2 protein chains.
Amino acid sequence: MRLSSMADYAVVTMSAAARHCGGVRVSAAELATETGLPAPTVQKLVSLLTRGGLLRSVRGAGGGLQLARPAAAITLADIVEAVEGPIALTSCAPHGKHDCALEHSCSVRPHWAVVNEAMRGALAGVPLTRLAQGADLALKNKTDREIA
Amino acid sequence: MRLSSMADYAVVTMSAAARHCGGVRVSAAELATETGLPAPTVQKLVSLLTRGGLLRSVRGAGGGLQLARPAAAITLADIVEAVEGPIALTSCAPHGKHDCALEHSCSVRPHWAVVNEAMRGALAGVPLTRLAQGADLALKNKTDREIA
DNA sequence: CCTTAATCAGACTGATTCGTTCCGATTTCA
DNA sequence: TGAAATCGGAACGAATCAGTCTGATTAAGG
């Protein structure tokens, strides 16, 4: 019931990338210094996010990253799905895994789909623009003095 | 973003216990045979559920378990909270953990509270009565196997 | 056209948490 | 009083996750 640290960091990274909407290309190292996260971790995150279709990567010297879509079209659900796979509370829902010992007589399985949809809706209701807005407020008030 | 197996099994166990609403006392071993789960696992589950205040345990020979409250007053949120602790996607939300490297300049933290509340609402909207009802339907019809 | 340099992408290692199992303390019935 | 059956907590093993490293790819510069 608690998402992984990688997903949490991914949200922070995407929020930092959204701030560079004007700058066409942003390097992963730059995002690492801004967010304060370890550089290798950010590299792995941008790899997953690019593979998920949220970021567009430009390789080579002077390359970098940019949002594949407008920030308003990216939601929390997209980020979480890109890092942790499909949003499903149980592993039996997606394609009928037979790992469950209850097999066919599972009584609660029909209800998981409803809960999953409600949960995805809650995440999809928060666009990246709102998170970036919060970032601006935080940076405006606190004035980043501790990046270390 | 996917709850633990223990929480999943706890829901199944509670659903099975709700079916014995007429029977005052149900043993953990009986629940294990009904659900098909390992007996020690069910023992640990009932321990957690009793500690969480959802089940009332009666020790001694001929003892057993029974619901501490009516099935209508127990929701998915209660079960998940009893097994996995408070429902929070991030560990920083509840009481300001300082483990996060971002510390106080975290931009997305203010928004997690809203998402957490929405998620808890989605879980709280499913009472145990509906799950027990689904159990009856599943045993009676067993038609809908493919929901995805 | 070649070299250089900077970038992303995938594979490996270590650690933490989760799931499972076992044994002891407690309580009631015969 | 004896004994059986129950819950409760503690220990072991396995799996997943977080973090790190090295290699392949690409664009710019000489």
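Mind checking how much accessible area B and A bury in total, 1.4 Å probe, in Å² rounded to 100? Kindly include the intermediate steps, with their values, before the conclusion.
Numbers: alone 9740 and 9560 Å², together 15470 Å².
For chain B against chain A, roughly 3800 Å² becomes buried.
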Shortest first and in nm, the label-point separations between B:Ala72 and its counterparts in the other identical copies (7 Å out along Cα→Cβ) come to 4.6
Looking at region B:1-42, residues buried by 40 Å² or more relative to their chain on its own, accessible surface at probe 1.4 Å, turn out to be B:Met1, B:Arg2, B:Leu3, B:Asp8, B:Val12
Note, region B:116-121: 3J(HN,Hα) by Karplus (6.51, -1.76, 1.60, θ = phi - 60°), whole Hz, Gly/Pro = x, goes 4, 5, 4, 5, 5, x
Would you grab the residues whose amide H sits under 5 Å from the one on B:Leu55? Only those 5+ places off in sequence or on another chain, please, with H modelled 1.01 Å from N.
B:Thr50, B:Ala68
Sort the following peptides by mean Cβ neighbour count (other Cβ atoms within 10 Å, averaged over residues), highest first: A:107-115, A:62-70.
A:107-115, A:62-70
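Report the FRET efficiency, 1/(1 + (r/R0)^6), for A:Gln66 and A:Ala113, where r is their Cβ-Cβ distance and R0 is 41 Å, rounded to 0.05.
Between A:Gln66 and A:Ala113 the formula returns 0.70.
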Give me a single rounded figure for B:106-118: the average over its residues of other chain Cβ atoms within 10 Å of their Cβ.
6
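Taking beta carbons within 10 Å but only from partner chains, what does the mean come to for residues B:62-75? Mind dumping the intermediate values first?
Values: counts 0, 0, 0, 0, 0, 0, 0, 0, 0, 0, 0, 0, 0, 0.
For peptide B:62-75, the averaged partner shielding equals 0.
The values are calculated or read from the model by the stated rules, or taken from the named source; none is laboratory data. Every value quoted in this text rests on a predicted model; they were computed, and no experiment measured them. Counting neighbours? That spans all protein chains shown, and the Cβs are built from the backbone with ideal geometry, glycine included. Keep in mind that these areas ignore ligands, DNA and RNA; they rest on the heavy atoms of the full protein, side chains included. Shrake-Rupley method; radii C 1.70, N 1.55, O 1.52, S 1.80 Å.
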